[in-house]
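The values are calculated or read from the model by the stated rules, or taken from the named source; none is laboratory data. All values derive from a computational prediction rather than experimental measurement. Heads up, the Cβs are rebuilt from the backbone with ideal geometry, glycines too, and the neighbour counts pull from every protein chain shown. With ligands, DNA and RNA removed, areas are computed over all heavy atoms of the protein, side chains included. Shrake-Rupley method; radii C 1.70, N 1.55, O 1.52, S 1.80 Å.
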Amino acid sequence: MSPTPHSVTNVDEHRLVALITGAERRVLYMAPGLTKSIAAAIEGAYNRLSAQSVTVILDVDAEVCRLGYGTGDGLADVQAAATRYQTLICHQKGVRIGLLISDDVTLIYSPTPLLVEAGSKRDDQPNAIQLTTLPHEVAQDVGLGSDPDSQRKVGLDSVQSSHIETVKLDLQSNPPVKFDLARKVRVFNSRFQFVEFEMTGCFISKKKVPVPSYLMGLAKDEVTQQRLHASFDLVGNTELSVKIGDKALSETFLRKKKADIVKRFLTNLTGYGNVLLRANKDKLQAAVKDLQDDITAFQESVKVGLQKHIDSNRDSVAAALLPGVQANPPDHYTKIHGPKPPEAILKTMLAKEIADAFGVADDVIQEMKATLIFK
């Protein structure tokens with residue numbers, strides 16, 4: 001086949017197949033992998049030229065197929081053809097260049113990893129060098145020199161059927177992704193990033209304190225107790241607020257600030273989460289850091305006032321529950337003090353249980369935080 005007008009050129013799968021099909025004396029194909037159409041062209045060369053005139057050197061590895069340098073079907077086909085014509089496929093681990101020798105035409109090219117890019121057919125986007133003669137040094141290294149046994153440097157390992165079967169099983173357990181989709185995802189990920197942005201523990205006025213049903217004095221049997229439940233507001237309907245400099249920090253302030261960050265930087269993809277334009281990453285991190293600083297200031301300043309609210313509400317709940325506990329003391333109250341424990345004992349035990357349920361301000365403010373996770 002006549003060479004293309006330019007030595008620096010573009011080559012695609014159709015060009016490779018054409019060169020292999022047009023060969024009249026010899027073919028050498030070396031690349032990471034191959035497709036079914038190239039395998040079919042090589043089988044034709046086996047039949048047309050004889051197996052001794054055709055050399056195939058591949059990186060027989062499942063990862064080659066996952067990268068999109070070839071297919072498992074193409075590998076299986078060329079191995080089956082080699083077996084039928086009683087010859088061998090050669091293995092060169094890690095080969096990532098393409099070399100096709102068809103008679104006197106030598107084509108050196110860059111194989112396209114379809115996982116990364118689709119490849120091009122445009123002449124002004126060259127990926128190959130085509131020569132009309134085979135360089136002496138190249139001929140020696142690939143076993144086409146005067147003394148192949150001593151000069152050959154690549155493709156020294158033969159491929160056995162068991163090797164092909166191992167690759168096949170590997171691809172079945174971890175198959176290649178759809179390359180067109182993978183490329184779109186790669187382009188998307190180069191511009192956007194999934195982000196998880198949350199603010200937790202800052203809404204103290206919404207925090208509820210669970211009260212065990214047995215403290216309500218409404219039932220003694222376990223089944224009924226499991227169905228009865230109650231909860232009390234930790235600080236009532238009061239929204240805590242502190243003045244720091246020219247800022248009035250409160251739950252509402254923090255909530256609005258968090259919502260403003262989401263509005264400015266994040267886009268929600270239903271079912272997938274929030275995405276960020278990578279160009280805005282530094283700005284988002286600065287805004288979240290500012291929010292985190294406000295949360296820290298709110299934590300430190302609200303602690304004393306929060307504890308006062310907890311103490312007051314805790315005492316009110318204990319006083320409200322005391323009559324019911326006196327009428328129906330829980331079993332673990334009576335196992336030591338008898339069926340009618342003294343009021344002082346009941347008050348002490350009840351106060352401890354309510355205090356444990358309410359906790360202390362330190363525990364509550366430690367839950368306040370804003371987290372930003374890039375995925």
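What accessible surface, in Å², does a 1.4 Å probe find on Cys65, ignoring ligands, DNA and RNA and rounding to the nearest 10?
Around 10 Å² of this residue is reachable by solvent.
Under 25 Å Cα to Cα from Lys352, which lysines show up? Leave out anything in the same chain fewer than 8 places away.
Candidates past the 8-residue exclusion: Lys206, Lys207, Lys208, Lys220, Lys303, Lys308, Lys335, Lys340.
Does region 32-144 come out rounded, prolate or oblate, given a ≥ b ≥ c as the square roots of the eigenvalues of its C-alpha gyration tensor, rounded meaning a/c under 1.5 and, failing that, prolate meaning a/b above b/c?
Oblate, since a/c reaches 1.5 and b/c is not below a/b.
Report the full-extension gain for the segment Lys347 to Arg264: residue separation times 0.36 nm, less the Cα-Cα distance, to one decimal in nm.
Difference between extended and current length: 24.6 nm.
Along the Cα→Cβ direction, 7 angstrom out, place labels at Asn274 and Lys243. What is the inter-label distance in nm?
3.2 nm
Run the numbers on the chain and let me know its relative contact order in percent, using alpha-carbon pairs under 8 Å that are six or more apart. If you can, show how the numbers build up before the last one.
Working: 581 pairs, mean separation 58.6, N = 375.
Result for the chain is 16 percent.
Sort Arg48, Arg26 from largest to smallest accessible area, using a 1.4 Å probe on the heavy atoms of the protein chains.
Arg48, Arg26
For helix 281-327, report the angle its Cα long axis makes with the longest principal axis of the Cα atoms of the chain; keep it between 0 and 90° and round to the nearest 10°.
Roughly 40 degrees between the two axes.
Kindly provide the trypsin sites (Lys or Arg not before Pro) of region 126-198 that DSSP labels as loop, not H, G, I, E or B, and whose Cβ sees at most 13 other Cβ atoms within 10 Å.
Sparse-neighbourhood loop trypsin sites (Lys or Arg not before Pro): Lys153, Lys178.
Relative to the longest principal axis of the chain, what angle (0 to 90°, nearest 10) does the C-alpha long axis of helix 251-265 take?
For 251-265 against the chain, the angle is about 10 degrees.
Treating cross-link reach as a plain straight distance, find the aspartates and glutamates whose alpha-carbon is under 14 Å from the alpha-carbon of Lys283, omitting any fewer than eight places away in the same chain.
Hits, sequence-local ones excluded: Asp260.
Just reorder Glu137, Glu117 by solvent-accessible area, largest first, 1.4 Å probe, all chains present.
The most accessible residue leads, giving Glu137, Glu117.
Would you mind classifying region 1-75 by shape? Square roots of the alpha carbon gyration tensor eigenvalues, ordered a ≥ b ≥ c; an a/c under 1.5 is rounded, otherwise it is prolate if a/b is larger than b/c and oblate if not.
Oblate, since a/c reaches 1.5 and b/c is not below a/b.
Report, in degrees rounded to the nearest 10, the 0 to 90 angle that the Cα long axis of helix 343-358 makes with the longest principal axis of the chain.
Roughly 30 degrees between the two axes.
Can you figure out the FRET efficiency of His337 with Lys308, using R₀ = 25 Å and their beta-carbon distance, to the nearest 0.05?
FRET efficiency, His337 to Lys308: 0.20.
Of all DSSP beta bridges located in the chain, what percent are antiparallel, nearest 5?
Antiparallel bridges: around 85 percent, rounded to the nearest 5.
Which of the aspartates and glutamates could a cross-linker bridge to Lys375, judged by Cα under 19 Å and excluding same-chain residues fewer than eight apart?
Lys375 reaches Glu196, Glu198, Asp282.
Checking the a/c ratio against 1.5 first, then a/b against b/c, what shape does the Cα gyration tensor give for the chain?
Taking the square roots of the gyration eigenvalues as a ≥ b ≥ c, the chain is prolate.
Length gain on complete extension for the stretch Asp157 to Lys208, per 0.36 nm per residue less the alpha carbon to alpha carbon distance?
Stretched fully, the Asp157-Lys208 segment lengthens by 11.3 nm.
Ignoring everything except DSSP H segments at least 4 long, calculate the 222 nm mean residue ellipticity for the chain; use -39,500 (n - 2.57) per segment, divide by total residues, nearest 500.
Value at 222 nm, helices only: -14500 deg cm²/dmol.
Which residue, Gly72, Gly359, Gly245, has the most motion in a Gaussian network model of the chain that connects Cα atoms within less than 10 Å?
Gly245
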